[in-house]
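Beneath this line is the structure, given in structure tokens, with notes to follow.
The values are calculated or read from the model by the stated rules, or taken from the named source; none is laboratory data. This structure is a prediction, so every number in the text was calculated from the model and none was measured. Methodologically, a virtual Cβ is constructed for each residue, glycine included, from the backbone with ideal geometry; neighbour enumeration extends over all protein chains shown. Note: accessible area is taken over every heavy atom of the protein model, side chains too, but ligands, DNA and RNA are not part of it. Shrake-Rupley method; radii C 1.70, N 1.55, O 1.52, S 1.80 Å.
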Amino acid sequence: MTIGSTTRRGGDWLLGDTAPADVFTPERLSDEHKLIAQTATEFVQSEVLPALDALETKDWALARKLIKQCGDLGLLGADVPERFGGIGLDKAAAVVVGEVLGACSSFATTFGAQTGLAIIPILCFGTEAQQEQYLPRIVSGDLIGAYCLSESGAGSDALSARARATKATDGSWILNGEKMWITNGGFADLFIVFAKVDGEHFSCFIVERSFPGVSNGKEEHKLGLLGSSTTPVLLADARVPAGNLLGEVGKGHKIAFNVLNYGRFKLAAMCTGGARQVISEATAYAIQRRQFGQPIATFGAIKHKLAEMTVRLFAVESMLFRTTGLIDQAIAERGHDSAAALAALEEFAAEASLLKVAGSEMLDFAIDENVQIHGGNGFVRDYPAERHYRDARVNRIFEGTNEINRLLVPGMLIKRAMNGGLPILEAAQQLRQEIATPALSAAPAPGPLAAERQAIAGMKKTALAVIGLALETYGKALDREQEVLMLATDILIDTFAAESAVLRALGGSGTPLQQDAAMAFAHDAVTRVNAAATTALSAMATGPALGATLAAVTRWLTLPPANTIAARRRIADKVIEKKGYAFA
Ligand SMILES: Cc1cc2nc3c(=O)[nH]c(=O)nc-3n(C[C@H](O)[C@H](O)[C@H](O)COP(=O)(O)OP(=O)(O)OC[C@H]3O[C@@H](n4cnc5c(N)ncnc54)[C@H](O)[C@@H]3O)c2cc1C
């Protein structure tokens, strides 16, 4: 897939304009992508959705069977090379499959652990022998995989793991420790396990359940995802062959972080898929539920909810496909092998974190509104709204909590700026001049969403001003200023989301209704960015300097009023007409 002619770098969207034609969108999916999405949809509807209740009774034989069926249909290896049993498509294919499976409650997690957490480490870091030994059987669904990074005392701080590995005289490894909250732990055949060699060197191992000393603990009693297995994994003098060290001793962090990059990106796809499902359910309910003599779908308050769920999904979906296009293009430019994939995912790690946070919070919003639209029926188990509400909550906790992801993003961009790859610091420096010598903002160019595009350029300036002042104020101690970092990331999320939505709406397949959605999102985003920037800047400056910067932010974020209520009503009407997401 070729989108745009120039090589893009992670974070460079912050520094300039992007043309709508240079952005990948769901409307640009190929027939191949649509076919695999259709295969996944038919499988989910005929096999997975009817099995959800049985899965919640911990029927792991059924979970295995469903994973095997996914393997038979090619859904486990959409982006895995054909020589390992995959179908060798691009990341866009993996995203569309992830979206469809995202609507499958517990099974989405089972599937995600298999495809993202078990396959990717071996694909990207395994030796040829390890890849040949394990990948075809995981991709076919004959082997179930799990990923063992967390421990009871080492969650966000995963590198503080206490699990140990010691080299035996015959070269094999002896592993001891207890891993916690392991998805698929109760029935996986193969574990990707992180442990410290001699208690010091963080490393990674491929561990089979059949190896002596490997077992799992009891199922956790969870708030949600009752149909997904979550257990401790116990290693008691577990004997692991020498050839099952994955990567190098002391380099386990590279595997852990890169797998997380991919996992975050894929989690966002699962969240957009989940939100689509929830919008369909909310709409169907609102159409059939009558109060005061009419369907509740006719009430403005309900229309607002259906529209806002749609607007937020549209924005996250636009970010997701834009990033997917960037990653696929980077992989193509780097030569299509697993090293290329790894480098591309690393390049867009900041975007993956933005997507993880935005996706999980958008889904929680949609799911909460779904319960609300269902009223009392949303609170009881007769309707799926209640299950979605419980199942989705964990998305803000795993794959790096949303706090950790928020804290990581500014650092990733600043590191890139320091390495000379992204001239953020120069751009922030130039803004100082603009703040000191204010000029009247030019009127926006004529055309659709022109004022919003101008405000988005202002959001970028605001982000740069906040990050620039934070660096100047705190220097190397910035990583201790978590409140400012979190606010900076909030601004970046809104900026990337608003721009992605606007560019999609202005692209060749954009529609007036997409423009309504992009406009509504951008207006609210501008308000949020203004509030976040004011809070952050007020912590770092005082007096005339603060006054001048806040005045500049106000100028940059000026957006003429627009009738977003009417826009949302048009969107809601379409959702009601389609009985689901307006932009599918
Ligand atoms: C259903 C489920 C499935 C899971 N599946 C897997 C799996 O397959 N494999 C696996 O390895 N793990 C898995 N996990 C574990 C998951 O990745 C961790 O729970 C997660 O990383 C958070 O770690 P923690 O629970 O120890 O929370 P903590 O790290 O203790 O965090 C607690 C709170 O403190 C905040 N916090 C922590 N550190 C900081 C900081 N430096 N600054 C500011 N705030 C901070 C966090 O954001 C959070 O709000 C799963 C968890 C669940 C619930």
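With each pseudo-label sitting 7 Å past Cα toward Cβ, what's the Q69-A562 distance in nm, one decimal?
The modelled label-to-label distance comes out at 4.4 nm.
In segment 179-248, which trypsin sites (Lys or Arg not before Pro) are in a loop and have at most 12 other Cβ atoms within 10 Å, using DSSP for the loop call?
Those satisfying the criteria are K218.
In whole Å, what is the distance between the alpha-carbon centres of segment 390-420 and segment 489-514?
A separation of 21 Å, based on Cα centres.
Counting only GluC sites (Glu not before Pro) that are in a DSSP loop and have at most 14 other C-beta atoms within 10 Å, tell me the longest site-free stretch of the chain.
Value returned for the longest uninterrupted segment is 249-584.
How long is segment 194-297 along each principal axis, judged by its Cα atoms, biggest number first, in Å?
Each principal axis gives a Cα extent; for segment 194-297 these are 71, 29, 20 Å.
Please work out the average accessible area per residue across segment 302-342, using the 1.4 Å probe convention, and give it in Å².
Result: 25 Å² per residue.
Once the convex hull of the alpha carbons of segment 314-449 is built, what does its volume come to per residue, in cubic angstrom?
208 Å³
If the cut-off is a Cα-Cα distance under 17 Å, which lysines reach K218, setting aside same-chain residues fewer than 8 apart in sequence?
Within reach: K58, K179.
If you filter segment 206-307 for chymotrypsin sites (Phe, Trp or Tyr not before Pro), then keep DSSP loop positions with at most 10 other Cβ within 10 Å, what is left?
F292
For segment 428-584, take the convex hull of the Cα atoms, compute a quarter of its surface area, and give me that in nm², please.
Orientation-averaged projected area of the Cα hull: 10.5 nm².
Accessible area per residue for segment 1-128 in Å², computed with a 1.4 Å probe and the full protein assembly in place, what is it?
Heavy-atom SASA per residue in segment 1-128 reads 38 Å².
From the phi angles alone, apply the Karplus equation (6.51, -1.76, 1.60; θ = phi - 60°) to segment 157-167 and give each ³J(HN,Hα) in whole Hz, x where the residue is Gly or Pro.
Karplus-based 3J(HN,Hα) across segment 157-167 equals 8, 4, 6, 8, 3, 9, 4, 10, 10, 10, 7 Hz.
Would you kindly compute the Cα radius of gyration of segment 497-557 and its largest Cα-Cα separation (Dmax), both in Å?
15.3, 48
Give me D for the chain in µm² s⁻¹, whole number, from Stokes-Einstein with Rh from the Kirkwood sum over alpha-carbon pairs, 20 °C and 1.002 mPa s.
So the translational diffusion coefficient is about 87 µm²/s.
Where Lys and Arg each count +1 and Asp and Glu each count -1, what net charge lies around L73 among other residues with Cβ under 11 Å from its Cβ?
Around L73, the charge tally is -2.
With no solvent and one equal point scatterer placed on each C-alpha of segment 111-151, evaluate the Debye formula and give log10 I(q)/I(0) for q = 0.18, 0.29, 0.34 Å⁻¹, two decimals.
With one equal scatterer per Cα and no solvent, log10 I(q)/I(0) is -0.45, -1.01, -1.21.
In Å and whole numbers, how far do the C-alpha atoms of segment 43-133 stretch along each principal axis, longest first?
Rounded to whole Å, the extents work out to 40, 25, 18 Å.
Sequence-distant or interchain residues sharing an amide H contact under 5 Å with N216, placed H: which?
Under 5 Å from the amide H of N216 lie the amide H atoms of L234, each far enough along the sequence or on another chain.
Near K305, which lysines are there with a Cα under 19 Å away, not counting those fewer than 8 places off in the same chain?
The reachable lysines, counting only those whose Cα sits under 19 Å from K305, are K574, K578, K579.
Kindly state, to the nearest 0.05, the FRET efficiency for E333 paired with R381, given R0 = 35 Å and r defined as their beta-carbon distance.
0.10
Could you grab the Rg to Rh ratio for segment 271-389? Cα atoms only, Kirkwood for Rh.
Rounded to two decimals, Rg over Rh is 1.16.
As a test of understanding, state the convex hull volume per residue of segment 426-512 from its alpha carbons, in Å³.
Cα convex hull per residue, to the nearest whole number: 111 Å³.
As an exercise, take the mean of 1/r over every pair of distinct alpha carbons in segment 105-180, invert it, and state the Kirkwood radius in angstroms.
Answer for segment 105-180: a Kirkwood hydrodynamic radius of 14.3 Å.
Given the Cα-Cα distance of S210 and T298 and 0.36 nm per residue of separation, how much length would full extension add, in nm?
Computed gain between S210 and T298 is 25.8 nm.
Go ahead and estimate [θ] at 222 nm for the chain from helices alone: -39,500 (n - 2.57) per DSSP H run with n ≥ 4, summed, over the residue count, rounded to 500.
-18500 deg cm²/dmol
What does the extension gain come out to for E248 and E219, with contour length at 0.36 nm per residue minus their alpha carbon separation?
7.2 nm
Below 8 Å between Cα atoms, with a sequence gap of 6+, how large is the relative contact order for segment 122-242 in percent?
After rounding, I find 26 percent.
Suppose accessible area is computed on protein heavy atoms with a 1.4 Å probe; arrange D157, D90 from highest to lowest.
Sorted by accessible area, descending: D157, D90.
Could you please state how large a percent of the accessible area of segment 436-497 is carbon and sulfur, counting protein chains only and using a 1.4 Å probe?
60 percent
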